[in-house]
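Quick note: the coordinates plus some simple rules give every number you see, no bench work behind them. Just so it is clear, the structure is predicted and the values come from calculations on it, not from any experiment. Reconstructed Cβ throughout: ideal geometry from the backbone, glycine too, with neighbour counts over all protein chains shown.
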Amino acid sequence: MIKTNPNKKLIALKRQPLVLLIFSSISFLLILFRLIFLQILNYESFKEMSDDNRIRLIASQPIRGRILDKNGYVLADSRIKYSLIIKPQSVNKSNWEKHKLGISDLLNIDSNVIQKKYFDSLKKQKLTVTIIDDLNEDQLVKFKENEDNLLSFEIATKLIRNYPYDSVAAHVIGYTQPINESEYKFLSKNGYRLNDLIGRTGIEYVYEDSIRGEWGGEMVEVNSLGKFQRSLGIKPSIQGNDIKLTIDMNLQLVAEEVLKDKKAGAIIVMDPRDGAIRAMASKPTFNLNFFSKDFKPEKEYNELFNSPEKPLFNRALNAYDPGSVWKIVTALAGLESGIYPSDTMLATKPCINYGSQCFREHNDLGFGVIGYEDALRVSSNTFFYQVGYGVGVDEIHEVSKKLGFNSLSGIEISEQENIGFVASSEWAKAGRGWGKPGRTPWVPEDIASMSIGQFVVQVTPIQIAKAYAAIANGGYLVTPHLTKKDEENLYKKRIKIDIDPANIQLIKRGLRKVVESGTGVSINYGVSNLPPVSGKTGTAEDGEGGSDHAWFVCFTPSEKSELLIVAFAQNTPGGGSVHALPMAREILKVWNEKK
């Protein structure tokens, strides 16, 4: 039998209160440190978490600013879209068949389509599914009148971008799209929310910061069950600013109309005094309201983004061979160089040899001995071959830069703009963009082509408008613009070009003769009381191998001009006087009537 020591047992009993005291003290200190950590050191963090659980924000979407034409016509605004939806998890299955058939009869929807959407949403565990994306007024009224008998269905509202004229001025206005998750990571700092709209192109893009507005909302307090307790304050959303354009809808509508029978092309109508754009149309175009749809059919999407016709492409700002409308540049190069002064007379011929090729006159006969004004009037090729070859490529290149070519025009929607191309001897020496330096020299054929705006010259309709405006207004480069902001300042910022005013006046006289008795005489047909018009026709071979392009540029009145038109029909063989000029004539008719 083992005996226990009574003294040891007594000592152990005496130590128990001490152990308990130490344990209790340590526990108390741990709790105290934890309370200090929670209530003092980490107070702000936990208060924020508490507020997040207690406070809710009911967001209020801002109304995006409108886009207006110069007369106040609304080109873009916002509207409420009403959609018919179901919440599959909340549907009362005992009433589903009745409600499904009821809505089918009421709104003329195939009940099988409704059933399929319902089953698909249950399978995919969707919280909501849209039955009709955008209810019209009649459908909305019918639903509201029968709402009590259709409890399985609801109306959802959403603010969407709306374009009253669908495709009119689409490339100018531009479109919006919801921001995606990757964009949200950095745009959230600027007040954007997930799926918020943002401008992608055109005016919607350029003036995004001004036009989008600011989100608002109401802060409300809820209890632990999530029930409303009280409102903590309301911050109204701030509507975006309206943007007023220089576009005149009277002219824009006719510009769109005259392009309808063309495969592709562009129209620019501009005030040559200050560069204000009165109309800009591009064909093919697209319906801006497509981008306001929640569901975008694959066929429509492919026709827009994957079509070889490229409807999103703004042809008014894309570069093409200009053909004979370029001849004013070659003429000014001859005059400015002093090699071919204003009294120059040259013999035109059926064709002239440069290098290994005979470059023909467009009538295959020639026009006899003529000067600058008549060369422009009849659009003689061989006259300008001689002038261009005589002054050289760099003189033409230098004059073209003075007229605004080989650079962006300054228009606001420059994200769509092509800088174009005008060749130079340096470009040829450097390898022409594809060869080795020194291996691709300038050749005689190049200068002949350049003289009449072919192959080594690519310019945009907006650049042509800017150059011809400088002729129309007596020698000032203007900045093409689409908005009325700082319009007076832009007028004051006109740049006087370094070209002899007498040479500009000679070109103006030649362009007046084009319309009086030359290739542009038909501009006067069927138009009464039209002020004097000056202009230039152009037919250009397509450097990419397609059919010829047709051009016509004009301004009116010939002196103190108020309106300038560039009409361009892409890959439309037959000549500028046949295809481009009639488009300009219809615009002149409307302008003259309204004026």
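Among the DSSP helices (H) of the chain, those spanning at least 30 angstrom by Cα along their long axis with an average Kyte-Doolittle hydropathy of 0.0 or more are 6-36; this is a geometric and hydropathy rule only. The relative contact order of the chain, computed from alpha carbon pairs under 8 Å that lie at least 6 residues apart in sequence, is 14 percent. Rounded to the nearest 500, the helix-only mean residue ellipticity at 222 nm of the chain stands at -11000 deg cm²/dmol, with each DSSP H run of n ≥ 4 adding -39,500 (n - 2.57). This model, with +1 at the C-beta of Lys and Arg and -1 at the C-beta of Asp and Glu, gives the chain a dipole about its Cα centre of some 3240 debye.
Remark: Cys358, Cys351 ranked as Cys358, Cys351, counting other beta-carbon atoms within 10 Å and listing the fewest first. Take every pair of alpha-carbon atoms less than 8 Å apart whose residues are at least six positions apart; their mean separation over the length of segment 249-594 yields a relative contact order of 23 percent.
Among the chymotrypsin sites (Phe, Trp or Tyr not before Pro) found in segment 356-458, those both in a DSSP coil and sparsely packed, with 13 or fewer other Cβ atoms within 10 Å of their Cβ, are Trp434.
Among beta bridges identified by DSSP and lying wholly in the chain, the antiparallel ones come to about 95 percent. Measuring between their Cα centroids, segment 79-158 and segment 365-402 lie 70 Å from each other.
Could you work out the longest stretch of the chain that avoids the GluC sites (Glu not before Pro) located in DSSP loops with at most 13 other Cβ atoms within 10 Å? With GluC sites (Glu not before Pro) excluded where exposed in loops, the chain gives 1-308 as its longest stretch.
Sequence-distant contacts, meaning Cα pairs under 8 Å at least 6 residues apart, place the relative contact order of segment 58-244 at 33 percent. When Kirkwood radius over Cα pairs in Å is calculated for this entry, the matching label among (1) 29.3; (2) 30.9; (3) 26.0 is (1).
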